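Participant: Before anything else, here's the structure in question.
Just so it is clear, none of the values below were taken in a lab; they were calculated from the coordinates. Because the structure is predicted, anything quoted here is derived from the model rather than measured. Positions of Cβ are backbone-derived with ideal geometry, glycine not excepted, and every protein chain shown enters the neighbour counts.
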Amino acid sequence: MRDLKRCPFCGGKARGEWRCEGLTIVCCDDCGATCPVDAWNTRAPEQLDAERQEVIRDLMRVHSLILSGLCEEAIDILIRVTKSIEVKR
């Protein structure tokens, strides 16, 4: 098992890795978020402002929800993110 960073969503501990449809997936012990391991260990550069980092976290959460079959919740987040981006234009 490779060295895993804390959960990108809640800061919790990574539970472990498993293979799913050709991807290596990681799960959080605390919030249950799942994510491909390469994305799990990737963090937004510090120079990104807080709003952009929040959008990135939301999109990573959407990916996790879709993998978990929670598509309605994922759609709700996508609608909220889209509206927040449209307001700023």
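Participant: How much net charge surrounds ARG19 when only other residues with a Cβ under 14 Å from its Cβ are counted (Lys, Arg +1; Asp, Glu -1)?
Facilitator: Within the 14 Å Cβ shell, the charges total -2.
Participant: Got a sec to turn the phi values of the stretch 19-27 into Karplus ³J(HN,Hα) couplings, 6.51 cos²θ - 1.76 cosθ + 1.60 with θ = phi - 60°, whole Hz, x for Gly and Pro?
Facilitator: Whole-Hz 3J(HN,Hα) from phi for the stretch 19-27: 8, 8, 6, x, 10, 8, 10, 10, 10.
Participant: Once you measure Cβ to Cβ distances between cysteines in the chain, which Cys have no partner under 4.7 Å?
Facilitator: CYS20, CYS27, CYS35, CYS71
Participant: Per residue of the stretch 54-68, in order, report the coupling 6.51 cos²θ - 1.76 cosθ + 1.60 (Karplus, θ = phi - 60°) as ³J(HN,Hα) in whole Hz, putting x for Gly and Pro.
Facilitator: 5, 4, 4, 4, 4, 5, 5, 5, 4, 4, 4, 5, 5, 4, 8
Participant: Let me ask another. Please report Rg over Rh for the chain, where both radii come from the alpha carbon positions and Rh follows the Kirkwood definition.
Facilitator: Result for the chain is an Rg/Rh of 0.99.
Participant: Here is a further query. For ALA39 and CYS20 in one chain, what is 0.36 nm times their gap in residues minus the Cα-Cα distance, to one decimal in nm?
Facilitator: My answer for the length gained is 5.4 nm.
Participant: Sticking with this one: Under a 5 Å amide H to amide H cut-off, with H placed in plane at 1.01 Å, what residues pair with THR24 once short-range neighbours are removed?
Facilitator: Under 5 Å from the amide H of THR24 lie the amide H atoms of VAL37, each far enough along the sequence or on another chain.
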